Amino acid sequence: MRILDLTLRLEAGMSTFPNYPEMVILPLVTMAFSAPRYAPPCKGYASFQLLFNDHMGTHIDAPVHMCENKETIDRLPLSHFIGEAVFLDLSDIPPDKEITEKEIKIKMNDCSLSICENDIVIVRRWKGCWGSEGFFDCKAFDESAAAFLVERKIKLFGTDVPSVDVEPAPYRRRAHLKFLSNSLPIIENLVNLDKIDKNRFKFVALPLHIKGISASPTRAVAILE
């Protein structure tokens, strides 16, 4: 079994969207502080306090992120996040061009791929490294692409860009709304998609079990057998 980590590593000072606060990691208890409370061979313990937005790093958007009264992250079935994934590499499309239903169909035809009910769909959109120049301005998916995938009754959509919508203000977020209004969660900020060498593979990305929030960081992996 070959496991490929598709997760952006979290660290202090990082932000996964320009207007998001930076992640803060603080020492809560150090070995030196706690050592007097313990007897050898134990030398104490270390613990850290974490402060971050629920959309930090590689994360899963829950429907309530854009749709009032829809599911929070803890209300989504775990079956959404484990299963057979279809991989589409659309990174050759210029970053100033939105991906439409047409581009997805062309790639499916070129690779002899079909998208079935309950598939997970993973799309490589960005050709460079995460966060490199132009990354946050890369156009993502238009409403037709999202609608096409919703019609296929997929259960999870994932991509390597920071948002499935990139548009000037006032924001309409049409792709987000199409996915999330249909209770179809989204994963953003995947990494290492250039290392995937199969069109189909097993995928796992479980959210944290936190009550009532709009998203969750996740550890996403591809299982390439």
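The values are calculated or read from the model by the stated rules, or taken from the named source; none is laboratory data. Everything numeric here is computed off the predicted structure, so don't read it as measured data. Every residue, glycine among them, receives a Cβ derived from its backbone with ideal geometry; neighbour counts consider all protein chains shown. To get the accessible areas, we keep the full protein, side chains included, count just its heavy atoms, and leave off ligands, DNA and RNA. Shrake-Rupley method; radii C 1.70, N 1.55, O 1.52, S 1.80 Å.
With all protein chains present, how much of the accessible area of the stretch 94-179 (probe radius 1.4 Å) comes from carbon and sulfur, to the nearest whole percent?
On the way: 2010 of 4180 Å².
Of the solvent-accessible surface of the stretch 94-179, carbon and sulfur hold 48 percent.
Where the convex hull is taken over the Cα atoms of the chain, what is its projected area averaged over directions, in nm²?
Numbers: hull surface 58.7 nm².
Averaged projected hull area, Cα only: 14.7 nm².
Taking R0 as 22 Å, what's the FRET efficiency between ARG173 and GLU133 from their Cβ-Cβ distance, rounded to 0.05?
0.35
On the protein heavy atoms, probe 1.4 angstrom, tell me the percent of accessible surface of the stretch 18-75 carried by carbon and sulfur.
On the way: 2280 of 3860 Å².
Carbon plus sulfur share of accessible area: 59 percent.
Distance between the C-alpha centers of the stretch 164-209 and the stretch 1-62? Whole Å please.
24 Å
First obtain the Kirkwood hydrodynamic radius of the stretch 183-225 from its Cα pairs, then insert it into the Stokes-Einstein equation at 25 °C and 0.890 mPa s, and state the resulting D in µm² per second as a whole number.
Values: Rh = 12.2 Å.
Once the numbers are plugged in, D ends up at 201 µm²/s.
Semi-axes of the equivalent ellipsoid for the stretch 138-180, please: Cα gyration tensor eigenvalues, times 5, square-rooted, ordered largest first, whole Å. Mind showing how you got there, number by number?
Details: eigenvalues 65, 27, 12 Å².
In descending order, the three semi-axes are 18, 12, 8 Å.
Using 0.36 nm per residue of separation minus the Cα-Cα distance, give me the extension gain between ARG37 and GLU225 in nm, one decimal.
Numbers: separation 188, 0.36 × 188 = 67.68 nm, distance 4.75 nm.
Stretched fully, the ARG37-GLU225 segment lengthens by 62.9 nm.
Quote the relative contact order of the chain in percent (integer), defining contacts as alpha-carbon pairs under 8 Å separated by 6+ residues. Please report the intermediate quantities before stating the final value.
On the way: 501 pairs, mean separation 69.3, N = 225.
Relative contact order, the chain: 31 percent.
Would you mind working out the magnitude of the charge dipole of the chain relative to its Cα centre, with +1 at each Lys and Arg C-beta and -1 at each Asp and Glu C-beta, to the nearest 20 Debye?
Working: 27 positive and 30 negative charges, 132 e Å.
Here the size comes out at about 640 debye.
Taking a ≥ b ≥ c as the square roots of the Cα gyration tensor eigenvalues, with a/c under 1.5 meaning rounded and otherwise prolate when a/b beats b/c, else oblate, which class fits the stretch 97-225? Present the calculation step by step, with values, prior to reporting the outcome.
Details: a/c = 1.15, a/b = 1.05, b/c = 1.09.
Because its axes are fairly even, with a/c under 1.5, the stretch 97-225 counts as rounded.
With the alpha-carbon atoms as the only input, what is the per residue convex hull volume for the stretch 8-111 in Å³?
Details: hull volume 24.5 nm³, N = 104.
Residue-normalised Cα hull volume stands at 235 Å³.
Want the number for ASP194 to VAL150: 0.36 nm per residue separation, take away the alpha-carbon distance, what's left? Walk me through the numbers before you get to the answer.
Numbers: separation 44, 0.36 × 44 = 15.84 nm, distance 2.50 nm.
Length gained, ASP194 through VAL150: 13.3 nm.
State in Å² the accessible area per residue of the stretch 172-225; use a 1.4 Å probe, count heavy atoms of protein chains only, and round to the nearest integer. Can you show the working numbers first?
Working: 2490 Å² over 54 residues.
Accessible area per residue, the stretch 172-225: 46 Å².
To the nearest 10 degrees, how steeply does helix 101-110 sit against the main Cα axis of the chain, on a 0 to 90 scale?
Between the helix axis and the principal axis of the chain, the angle is about 90 degrees.
Would you work out the relative contact order for the stretch 121-225, in percent, from Cα pairs under 8 angstrom that are 6 or more residues apart? Let's see the in-between values first.
Values: 135 pairs, mean separation 25.6, N = 105.
It rounds to 24 percent for the stretch 121-225.
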